[in-house]
Amino acid sequence: MEIAKLIAECATALATIVVAIAAWIQLPLISQQVRGLSEQIRLSREAEEHAERRTREWETIKACERYNFDPVIEAATQRVWVASNNGTDYKRPEVAERDLIVVLNYLDGIAIGVGQGLYIESLVKDHIGPLFDHAVTKYFESGVIGREGLDAMVALHAQWYRGAPKTSYLSTGARPSS
């Protein structure tokens, strides 16, 4: 009986040694697989970040382009331009406050999107920054309309044009390669 017990213990010990050797042999393969998975995860994250950045770029451009292609904004800006004698006198009674509000609400919406991180600020500034400057300097400073309710637009304009460092989308180096 003791011999059988001794043989069983030896067999168990031998099997344990064989399993340990097999595990040791597999360790480099497992390590290589883990490194491969880690690299795949890293590349996947980079691709997602790149895709998210590209999406934000396109959404920013689409929002900025609304100024040129939205029929309501286009009609309002055209009426303001004509009524103000080609942009020379915004105090004329022909300039409709409602048309100014359409343009200002559009710009304020863009500024809110920038503040919430929906749009890329430097891209907005490069694309329609002059529109912000024109609206503030011509509409507000002429006294033809007040700034009430347009805090985001006013704050963004102040940040861009009142002594803040000048940056542009192209100078940030953030543009991903195509």
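The values are calculated or read from the model by the stated rules, or taken from the named source; none is laboratory data. A quick note: this is a predicted structure, and the numbers were derived from the prediction, not measured. Cβ: placed from backbone, ideal geometry, glycine included. Neighbour counts: every protein chain shown.
Every residue, every condition in (1) more than 15 Å from V80 (Cα to Cα); (2) among the hydroxyl-bearing types (S, T, Y); (3) surrounded by 18 or more Cβ atoms within 10 Å (Cβ to Cβ); (4) at pLDDT 80 or above, yes or no:
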{"residue": "H134", "(1), (2), (3), (4)": "no, no, no, yes"}
{"residue": "E141", "(1), (2), (3), (4)": "yes, no, no, no"}
{"residue": "E148", "(1), (2), (3), (4)": "yes, no, no, yes"}
{"residue": "A155", "(1), (2), (3), (4)": "yes, no, no, yes"}
{"residue": "W160", "(1), (2), (3), (4)": "yes, no, yes, yes"}
{"residue": "K166", "(1), (2), (3), (4)": "yes, no, no, no"}
{"residue": "Y169", "(1), (2), (3), (4)": "yes, yes, yes, no"}
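With respect to Y90, is the statement that it is touching an Asp or Glu at 6+ places or on another chain (Cβ under 9 Å) and surrounded by 14 or more Cβ atoms within 10 Å (Cβ to Cβ) true?
Answer is no for this residue.
Of everything in the range 110-156, what is within 15 Å of the chain's Cα centre (by Cα) and of a type in the set (G, A, S)? Give them in sequence order.
Across the range 110-156, the qualifying residues are A111, G113, G115, G117, S122.
Tell me yes or no: at least one residue of the range 74-83 is in contact with a Lys or Arg (Cβ under 9 Å, 6 or more places away or on another chain), surrounded by 12 or more Cβ atoms within 10 Å (Cβ to Cβ), closer than 17 Å to I145 by Cα and in contact (Cβ under 8 Å) with a residue 40 or more places away in the chain.
Checking the range 74-83: not a single residue is in contact with a Lys or Arg (Cβ under 9 Å, 6 or more places away or on another chain), surrounded by 12 or more Cβ atoms within 10 Å (Cβ to Cβ), closer than 17 Å to I145 by Cα and in contact (Cβ under 8 Å) with a residue 40 or more places away in the chain.
Restricting to the range 48-64, and then to whatever is under 12 Å from H127 (Cβ atoms) and in contact (Cβ under 8 Å) with a residue 24 or more places away in the chain, can you tell me which residue is surrounded by the fewest Cβ atoms within 10 Å (Cβ to Cβ)?
I61
Could you tell me whether L43 is at pLDDT below 90 and within 30 Å of the chain's Cα centre (by Cα)?
Spelling it out, L43 is indeed at pLDDT below 90 and within 30 Å of the chain's Cα centre (by Cα).
Before we move on, is E121 touching a helix residue (DSSP H, G or I) at 6+ places or on another chain (Cβ under 7 Å) and modelled with pLDDT under 90?
Criteria not met by E121.
Six or more apart or on different chains, Cβ atoms under 6 Å: show the pairs whose first residue is in the range 117-139 and without any contact (Cβ under 8 Å) to a residue 40 or more places away in the chain and whose second is among the hydroxyl-bearing types (S, T, Y).
D133/Y161
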